[in-house]
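The values are calculated or read from the model by the stated rules, or taken from the named source; none is laboratory data. Just so you know, these numbers come straight off a predicted model, no measurement behind them. Glycine gets a Cβ as well: all are built from the backbone with ideal geometry, and neighbour counts include every protein chain shown.
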């Protein structure tokens, strides 16, 4: 076995141990450790990806010495590698960008706890990406939930407590459903490792036995993870959670956590349940309908919001809808588009949350439209960052959102029955996105009126970390928009390896 | 990046200069540097554009995906639009040097004014539909600050309206692009169309639908009914020089996009005689008539001119919708003539506002005593737009009407020319009262206000008067000597039809 093949395991363990070590460090050291750890795990993921690209195939990594069908496995392929690198980059930039706000929002004595949560969050995300074992997946789903709750709750202000409780309840509902699904699956197949479970599922489907339990498994796992990723109509926890957490937490929760669950769901679709079975059982159509409803309803909610943070959160509901719509198209093109949109949305939403912070800083920490009037002049870089993010969400060419829309639309053309609704909803949703995002952008660049309340004295300029993070996020967006071809190709190859 | 790099210069130079103007503090504080740099860049832009047009060729900028590339090229249509853009942009730039001294935050105006010039050049040089779409969206965004310039509540509302109509229109068009990308090898502009018959089999209905979506979508910028509502709101709130280019050139970007889609991607033969063509003709004629009527009833001069743009740009679209070589040549010549004339008219409106503060036409009685030279130029341009021979509007309308009569489109062949005639009468009705009331205010007119404010003989400065004069002269000369232009347009028409 090549030494590089250990990297996925190393990165998960490294992230967990950093969390454990941080519990005895003070906040500052915990923060530095966390940043260093994220950088190292990202490098390890890059190593894994290079190895997989070199060998041209995926590999499974046995934990301990119990061969399949027992034991515990990790699997790494191109798609896992790309996703892990991407998650690492977004995580790093989100932590970096929110650095000084985290220090302000969190009590000094509890600062190391915040970074423990970040460490655990990354380790669970990596585990969800790499795992080849359903029960490991479940364990890390729970770790992820707890870490997420901690990230929301630690800013003990405003509605963050009730938001955390709401998040907890909804998430537990989701994990509960997921666990029920796993139990039934274990019951009918006798396996928890993905590859043997897949073989049993194929046999069962071919024999035509256990048809109803199989349907229940698909439905329960699908809905469970859909609740956790905030698909409409299971989105009630989203606006409060993203709206009242500290900026890093908002960016991480909206950009990464929901995406980790979606990635797991895609993996289960391909590696356990079999995507063709899902298509033939009509499950994908259910996801599709939820997806396109979410695309429209999320945007409509966003239009009604005057609090820009909550508006951005509702926009996430719409964007998650895009991803499920792509998964629900029932074609491999649709899936490629959905995975690409995972990346697009992570990069863009994190950019929006982080650059919005720069705008709130110069508007007396108020988040409504009126206070933000003219903020684009008071903090030019944050204004540019927010504008780029908003344009990307609207689907402006040369930014990542455009490539997503292009992929969605061309994949819709491949599935004749869903073509028209997809195109129409894409059009409606784009226009609605434009309504609320561009309205805000114009507000940022319009003149303050005499009747507007004066801006309280705030900091002179954003910290260099925030500015660096905004620049890097803009860069990530441009890379996704201009050099999408290799990434799309990697997604395609990676999905082929799943099959 | 491979190909003729000279094509990149007319894009990059004004955009860079615009960014420098927006960012540099010295330009905010010192007006001389600002206007000096802007005019110098615009002169250089004219030179570079002509150099690029002469050298020709193509340039691949970047590959978005295997199928989609950003690519520039020069063909006859890009020559026409690019030469027009560069020349008119310089004239309006010179005008702005004097005009904008009455406005605040000039550096922002000049910055975006330069950037839009570069973006428009990119649009004119686009070699395929994706490139065109990219620059089209960029144009919407970069021209938005021109509409928003005053930053008053009204301007912001108009800007939002402009934006939403444009985004909605662009997405309608994007749907068509997605469809066309599926049924062609690549979307490179080729005279006569690039679609492959085998991929299209069984999708004819969808082709017509997406063609219709694209025409309505790109027609938004050209002010075509039903998505014309933004134009009369957005154009008048901008400073006069911005209204002029918005009305005279940016509406033409919509026309250019439609020419590219219909004649260079889909191919006119696939559309001839279909429901799509009939609906398109109907929409353009409706717009022609409706725009003229609204202009006739509108008392505010800049709004009246904006409605006139709605009507006149649809003359061009009417010519395009007939899918007939004569009408096509007429349409393209009207692109040039309308652009020249509408700039002259809007610049006059700006000169009147700056000198007298009058915005409504009925206030302008006796204007001939204030600025006779300007009003004379206005009169020449107005007569040209009405279509009095030998002025330029006559030539284009002649080709449009004779193309319609020979187009074989059934009832439209004679309804079209009739609508054009009625609209020409209305054009006279809404443009000429200013001349008549201005030069011949009547016996009862005492001109107290003009006396009291000391306005008598107060022409605008030469910076403003000279561009208006040049444009009016062009409107006259292009009508007297249209030969070489028309023969160039006819060669384009022959290649696509």
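At a glance:
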{"item": "Residue match in segment B:39-49 (condition: touching a residue at least 60 places away in the same chain (Cβ under 8 Å), at negative phi and over 22 Å from the mean Cα position of the chain (by Cα))", "result": "no"}
{"item": "Out of A:381, A:352, A:399, sole residue that is surrounded by fewer than 24 Cβ atoms within 10 Å (Cβ to Cβ), closer than 26 Å to residue B:142 by Cα and either within 14 Å of another protein chain (Cβ to nearest Cβ) or in contact with a helix residue (DSSP H, G or I) (Cβ under 9 Å, 6 or more places away or on another chain) (or both)", "result": "A:381"}
{"item": "Residue check, residue B:317 crowded, with 24+ Cβ neighbours inside 10 Å, assigned to a helix (DSSP H, G or I) and assigned by TED's automatic domain parsing to the domain that holds residue B:451", "result": "yes"}
{"item": "Wholly within segment B:87-191, helices (runs of 4 or more DSSP H) carrying at least 3 residues that are within 9 Å of chain A (Cβ to nearest Cβ)", "result": "B:129-147, B:153-182"}
{"item": "Among (1) farther than 30 Å from residue B:182 by Cα; (2) at the interface with chain B (Cβ under 9 Å from one of its Cβ atoms); (3) surrounded by fewer than 19 Cβ atoms within 10 Å (Cβ to Cβ) - the single one residue A:452 does not satisfy", "result": "(2)"}
{"item": "Matching residues in segment A:388-429 - criterion: being without any contact (Cβ under 8 Å) to a residue 40 or more places away in the chain and at positive phi", "result": "A:395"}
{"item": "Flag if residue B:299 is closer than 28 Å to residue B:483 by Cα, touching a helix residue (DSSP H, G or I) at 6+ places or on another chain (Cβ under 7 Å) and either surrounded by fewer than 23 Cβ atoms within 10 Å (Cβ to Cβ) or assigned by TED's automatic domain parsing to the domain that holds residue B:192 (or both)", "result": "no"}
{"item": "Test: residue in segment A:332-344 that is part of a helix (DSSP H, G or I), at pLDDT below 90 and closer than 16 Å to residue A:491 by Cβ", "result": "yes"}
{"item": "Index of the failed condition, residue A:411 passing every other in (1) buried (at least 22 other Cβ atoms within 10 Å of the Cβ); (2) more than 29 Å from residue A:451 (Cα to Cα); (3) at pLDDT below 90; (4) more than 12 Å from chain B (Cβ to nearest Cβ)", "result": "(4)"}
{"item": "Residues that are facing another protein chain (nearest Cβ under 10 Å), assigned to a helix (DSSP H, G or I) and closer than 25 Å to residue A:51 by Cα, drawn from segment A:469-485", "result": "A:484, A:485"}
{"item": "Qualifying position, being in the same structural domain as residue B:242 (by TED's automatic domain parsing) and touching a helix residue (DSSP H, G or I) at 6+ places or on another chain (Cβ under 6 Å), among B:73, B:102", "result": "B:102"}
{"item": "Selection count, segment B:46-70, where residues are within 14 Å of another protein chain (Cβ to nearest Cβ) and either crowded, with 20+ Cβ neighbours inside 10 Å or not in a strand (DSSP E or B) (or both)", "result": "6"}
{"item": "Which numbered condition residue A:432 misses (of (1) in contact (Cβ under 8 Å) with a residue 60 or more places away in the chain; (2) surrounded by fewer than 24 Cβ atoms within 10 Å (Cβ to Cβ); (3) under 30 Å from residue A:463 (Cα atoms))", "result": "(3)"}
{"item": "Pair list, Cβ under 7 Å, 6 or more apart: segment A:240-254 residue buried (at least 24 other Cβ atoms within 10 Å of the Cβ), other residue outside any helix (DSSP H, G or I)", "result": "A:245/A:155; A:247/A:98; A:248/A:98; A:251/A:98; A:253/A:245"}
{"item": "Near pairs, Cβ below 7 angstrom, 6+ apart or cross-chain, from segment B:119-142 (farther than 13 Å from residue B:173 by Cα) to any residue that is in a loop (DSSP other than H, G, I, E, B) and modelled with pLDDT under 95", "result": "B:125/B:74; B:127/B:189; B:128/B:186; B:128/B:187; B:128/B:189"}
{"item": "Selected residue [buried (at least 24 other Cβ atoms within 10 Å of the Cβ), part of a loop (DSSP other than H, G, I, E, B) and under 12 Å from the mean Cα position of the chain (by Cα)] from B:223, B:254, B:248", "result": "B:223"}
{"item": "Segment B:326-359, residues that are assigned to a helix (DSSP H, G or I) and surrounded by fewer than 21 Cβ atoms within 10 Å (Cβ to Cβ)", "result": "B:353, B:354, B:355, B:356"}
{"item": "Listing of helices (runs of 4 or more DSSP H) fully contained in segment A:43-137 that carry 1 or more residues being surrounded by fewer than 16 Cβ atoms within 10 Å (Cβ to Cβ) and modelled with pLDDT under 90", "result": "A:99-105"}
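To keep it simple, each residue is scored yes or no on (1) in contact with a strand residue (DSSP E or B) (Cβ under 6 Å, 6 or more places away or on another chain); (2) under 24 Å from residue B:351 (Cα atoms); (3) modelled with pLDDT of 90 or more.
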{"site": "B:13", "(1), (2), (3)": "no, no, yes"}
{"site": "B:39", "(1), (2), (3)": "no, yes, yes"}
{"site": "B:47", "(1), (2), (3)": "no, no, yes"}
{"site": "B:56", "(1), (2), (3)": "no, no, no"}
{"site": "B:65", "(1), (2), (3)": "no, no, no"}
{"site": "B:76", "(1), (2), (3)": "no, no, yes"}
{"site": "B:91", "(1), (2), (3)": "no, yes, yes"}
{"site": "B:96", "(1), (2), (3)": "no, yes, yes"}
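For every residue, the table says whether it meets (1) over 22 Å from residue B:323 (Cα atoms); (2) touching a strand residue (DSSP E or B) at 6+ places or on another chain (Cβ under 8 Å); (3) surrounded by 23 or more Cβ atoms within 10 Å (Cβ to Cβ).
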{"site": "B:181", "(1), (2), (3)": "yes, no, no"}
{"site": "B:197", "(1), (2), (3)": "no, no, no"}
{"site": "B:207", "(1), (2), (3)": "no, yes, no"}
{"site": "B:215", "(1), (2), (3)": "no, no, yes"}
